[in-house]
Amino acid sequence: DVAKHNSQSSCYSAVNGVVYDLTSWITRHPGGEREILSICGKDGSSAFNGQHSGQGKPETMLASFKIGTLAK
């Protein structure tokens, strides 16, 4: 299901087993739209962890977009 949401108009990404709807965050991301668009419809764990691991604010912000848990 995550893979179906791979565009600017509908952007879901899985990060560390949790699914997030990042559609509304694309244009607001401080690092630029491209960074979010690159993980739409994909597992964004590596990208997110590589950039934000251990940082409280990005993790709190990401949590606000949670829509579910990735099915195994």
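Readers should treat all values here as calculations from the given coordinates under stated rules, not as data from a laboratory. Since this is a predicted model, take the numbers as computed values, not measurements. Here Cβ is always computed from backbone atoms with ideal geometry, including for glycine, and neighbour counts include all displayed protein chains.
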- Vicinal HN-Hα couplings computed from phi for the stretch 48-53 (Karplus, 6.51 cos²θ - 1.76 cosθ + 1.60; Hz; Gly/Pro x): 5, 5, x, 8, 10, 3
- Query: Calculated from DSSP H runs of 4 or more alone, at -39500 (n - 2.57) each and per residue, what is the 222 nm mean residue ellipticity of the chain, nearest 500?
  - Reply: -7500 deg cm²/dmol
- Query: In the stretch 46-60, which residues have a backbone nitrogen under 20 Å from the label point lying 7 Å from Asn6's Cα in the Cα-to-Cβ direction?
  - Reply: 46-48
- With +1 on each Lys and Arg Cβ and -1 on each Asp and Glu Cβ, how big is the dipole of the chain about its Cα centre, in debye rounded to the nearest 20? 40 debye
- Extension gain from Asn49 to Leu70, taking 0.36 nm per residue of separation minus the Cα-Cα distance: 5.9 nm
- Using the Kirkwood formula on alpha carbons, the hydrodynamic radius of the chain in angstrom works out to 11.9 Å
